[in-house]
Amino acid sequence: MQRFGVSGVAAVTVVLCALVAVGLWPRYVTTSADAAAAAALPTMAPVTADYANRDRLVAFWEKAENEHHPGDMISPDHLAEQYLQRYRERMDIDDVLRAERAAQQSLVAQPFGNLPGELELASIELTLHRFYRAIAITRHIESYDPGDPDMFVRDASLDMEVGNYARAERMLDAVPAKKRDDGWSVVDSRYLELTGHLGAARTLLARTSAYQNSEFDAPAQQRAWYFFRQGEMAFEAGDNDAALGFEREAVTVFPNYADALRTLARIECAQHDWPQCLTDAEASANIVPYPETLGYKADAQRALGHPADADATSDLIHTVGKLGDAQHITDRLLAIYYSDHRLYPDDAYAIAKNELNARDDIFTEDTLAWAAAMDDRWDEARTHIAKAVAYHTENSLIEYHAGIIAAHLGDRALEKTDLARALALNPQFHPAFADDARAKLAAL
């Protein structure tokens with residue numbers, strides 16, 4: 001979660017990380033020519049506030065779709081695309097459901113060979129966390145043109161969502177070098193991040209971000225996403241000032257960016273900057289009240305001496321949880337909040353367990369391990385945390401969870417290793433757990 005002033009800092013980041021990438025991941029930088037090219041990145045283009053026209057575009061395609069003839073597959077597909085983009089900008093889940101209906105209408109109009117309609121539907125299923133449905137659609141699309149490198153990239157992205165990292169690597173490696181575009185780089189940087197090569201992942205994403213942000217006609221939210229992701233990875237690496245810089249840049253490019261505001265609150269909470277944490281958490285929660293974001297708000301309220309407000313916010317989180325997210329998009333976030341605050345352990349465990357039905361990735365395994373631990377299911381916690389750390393993901397929270405579980409099971413050596421690694425990655429990774437890790441290491 002880094003947010004600096006983009007073109008210059010992104011270029012510097014690439015140059016500083018290039019030598020590391022040489023040794024870690026030859027897929028990216030293998031020659032001095034690559035490093036020299038990384039230093040000559042494009043400058044940032046002016047931002048177009050395309051989001052201001054979103055409602056007009058939606059209205060245009062709604063009218064076209066209402067007037068379409070039975071064989072018109074184009075109007076519904078464009079309408080689905082606009083609904084989905086509006087969701088990314090405003091986080092109204094009903095827009096995703098509208099997009100789903102429009103994409104299905106496109107496929108009714110042209111059931112066979114409707115590549116745009118199927119691609120749109122796959123994106124919608126991914127957004128709704130129906131990962132295996134998205135995979136099935138993607139595999140069907142591949143039958144139109146077996147060996148299409150673009151589909152290898154989509155495949156790899158979905159494989160990582162369900163924890164199939166070995167297949168994701170094969171798909172990424174199968175893309176010919178001359179076909180490795182920015183889309184490939186984004187997915188590959190995610191693979192590198194998840195498999196213990198965070199420095200190389202940051203380098204690759206910084207380069208891609210610079211090129212994407214040199215395109216003035218790219219959607220503002222899409223451009224801001226690159227800063228948001230750079231910020232997330234910077235925070236994982238303990239580069240907290242850079243993380244704040246990137247997230248602020250994301251909000252500058254696309255105001256009211258809920259994900260960037262939430263991440264700002266997370267970093268500020270970890271640094272005990274409670275007033276700013278409260279400000280950014282409230283701003284993000286006003287757009288979409290995720291349990292994680294409301295959790296930062298409650299923590300800030302309590303730290304600032306407003307226990308009644310904090311209790312009210314905590315009650316709101318539980319109410320949201322009880323009412324339920326019909327699409328289950330926020331289930332994992334709710335389980336994490338409950339487990340972190342030692343609330344409703346049975347609910348947290350059940351939610352985390354059910355999440356495995358949707359995706360069995362590193363973070364689902366970690367969430368279930370932590371929920372099981374907080375519900376005194378320590379043997380099960382050991383099983384799942386072993387899966388979470390199997391790919392050596394550089395993530396302080398996962399390492400902290402592993403250390404606490406090791407401590408309870410009596411493995412002091414592993415406890416010390418895991419807690420030390422958590423702090424080495426980011427000494428301020430969490431407002432409470434970082435201090436707890438330091439205290440436990442001192443006691444050891």
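The values are calculated or read from the model by the stated rules, or taken from the named source; none is laboratory data. As the structure is a prediction and not an experimental result, all values here were calculated from the model. For neighbour counting, all protein chains shown are included, and Cβ atoms are generated from backbone atoms with ideal geometry for every residue, glycine included. Just so you know, the surface numbers come from the protein's heavy atoms only, side chains and all, with ligands and any DNA or RNA stripped out. Shrake-Rupley method; radii C 1.70, N 1.55, O 1.52, S 1.80 Å.
Worth a mention:
- Options Arg266, Arg302: the member that is within 20 Å of Phe433 (Cα to Cα) and without any contact (Cβ under 8 Å) to a residue 12 or more places away in the chain: Arg302
One line per residue, one yes/no per condition, for (1) of a type in the set (S, T, N, Q); (2) touching a Pro at 6+ places or on another chain (Cβ under 9 Å); (3) over 29 Å from Leu261 (Cβ atoms):
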site	(1), (2), (3)
Val58	no, no, no
Gln82	yes, no, no
Val96	no, no, no
Ala99	no, no, no
Pro111	no, no, yes
Pro116	no, no, yes
Ile135	no, no, yes
Tyr144	no, no, yes
Asp150	no, no, yes
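- Taking helices (runs of 4 or more DSSP H) as the structural unit, those lying wholly within the stretch 290-388 and holding at least 1 residues that are touching a Phe, Trp or Tyr at 6+ places or on another chain (Cβ under 7 Å) correspond to 291-303, 307-323, 331-340, 345-355, 362-374.
- Residues of the stretch 209-264 that are crowded, with 24+ Cβ neighbours inside 10 Å and polar (S, T, N, Q): Ser209, Asn213, Gln230, Thr263.
- Pick from the stretch 273-310, criterion charged (D, E, K, R) and under 24 Å from Phe429 (Cα atoms), ranking: most open to solvent (accessible area, probe 1.4 Å): Arg302
- Selected residue (criterion: surrounded by the fewest Cβ atoms within 10 Å (Cβ to Cβ)) from residues of the stretch 160-183 that are among the small types (Gly, Ala, Ser) and closer than 17 Å to Asp148 by Cβ: Ala177
- Only residues that are under 14 Å from Gly321 (Cβ atoms) and either of a type outside the set (Phe, Trp, Tyr) or surrounded by fewer than 17 Cβ atoms within 10 Å (Cβ to Cβ) (or both) were counted in the stretch 344-383, giving 10.
- Failed criterion for Pro116 (all others in (1) touching a His at 6+ places or on another chain (Cβ under 8 Å); (2) open to solvent by 30 Å² or more (accessible area, probe 1.4 Å) hold): (1)
- Screening the candidates Gly238, Gly196 for the property of being within 17 Å of the chain's Cα centre (by Cα) and in a loop (DSSP other than H, G, I, E, B) yields one hit, Gly196.
- For beta carbons closer than 8 Å, sequence separation of 6+ or different chains, a first residue in the stretch 126-147 that is under 17 Å from Arg359 (Cα atoms) and a second that is among the hydrophobic types (A, V, I, L, M, F, W, C) and open to solvent by 40 Å² or more (accessible area, probe 1.4 Å), the qualifying pairs are Ala134/Leu126.
- Screening Val108 with (1) surrounded by fewer than 18 Cβ atoms within 10 Å (Cβ to Cβ); (2) more than 30 Å from Ser284 (Cβ to Cβ); (3) in contact with a helix residue (DSSP H, G or I) (Cβ under 8 Å, 6 or more places away or on another chain); (4) β-branched (Val, Ile, Thr) gives one miss only, at (3).
- Filtering the stretch 419-428 to residues that are open to solvent by less than 10 Å² (accessible area, probe 1.4 Å) and either of a type outside the set (A, V, I, L, M) or in contact (Cβ under 8 Å) with a residue 40 or more places away in the chain (or both) leaves only Asn426.
- Listed conditions (1) within 28 Å of His197 (Cβ to Cβ); (2) in contact (Cβ under 8 Å) with a residue 40 or more places away in the chain; (3) among the β-branched types (Val, Ile, Thr); (4) surrounded by fewer than 20 Cβ atoms within 10 Å (Cβ to Cβ) are all met by Ile329, apart from (1).
- Against the criterion of being part of a helix (DSSP H, G or I), surrounded by fewer than 21 Cβ atoms within 10 Å (Cβ to Cβ), among the aromatic types (Phe, Trp, Tyr) and out of contact with any His (no Cβ under 8 Å at 6 or more places or on another chain), Phe60 qualifies.
- Unmet requirement for Gln82, which otherwise passes all of (1) open to solvent by 30 Å² or more (accessible area, probe 1.4 Å); (2) touching a residue at least 12 places away in the same chain (Cβ under 8 Å): (1)
- Within this structure, Gly295 fails the test of being of a type outside the set (S, T, N, Q), at positive phi and more than 16 Å from the chain's Cα centre (by Cα).
- Some residue of the stretch 376-395 being touching an Asp or Glu at 6+ places or on another chain (Cβ under 9 Å), among the acidic types (Asp, Glu) and under 18 Å from Ile336 (Cβ atoms): no
- Against the numbered list (1) modelled with pLDDT of 95 or more; (2) of a type outside the set (Val, Ile, Thr); (3) under 26 Å from Ala434 (Cα atoms), His318 comes up short only at (1).
- For the stretch 397-410, the count of residues that are within 30 Å of Ala326 (Cα to Cα), of a type in the set (Val, Ile, Thr) and modelled with pLDDT of 95 or more is at least one.
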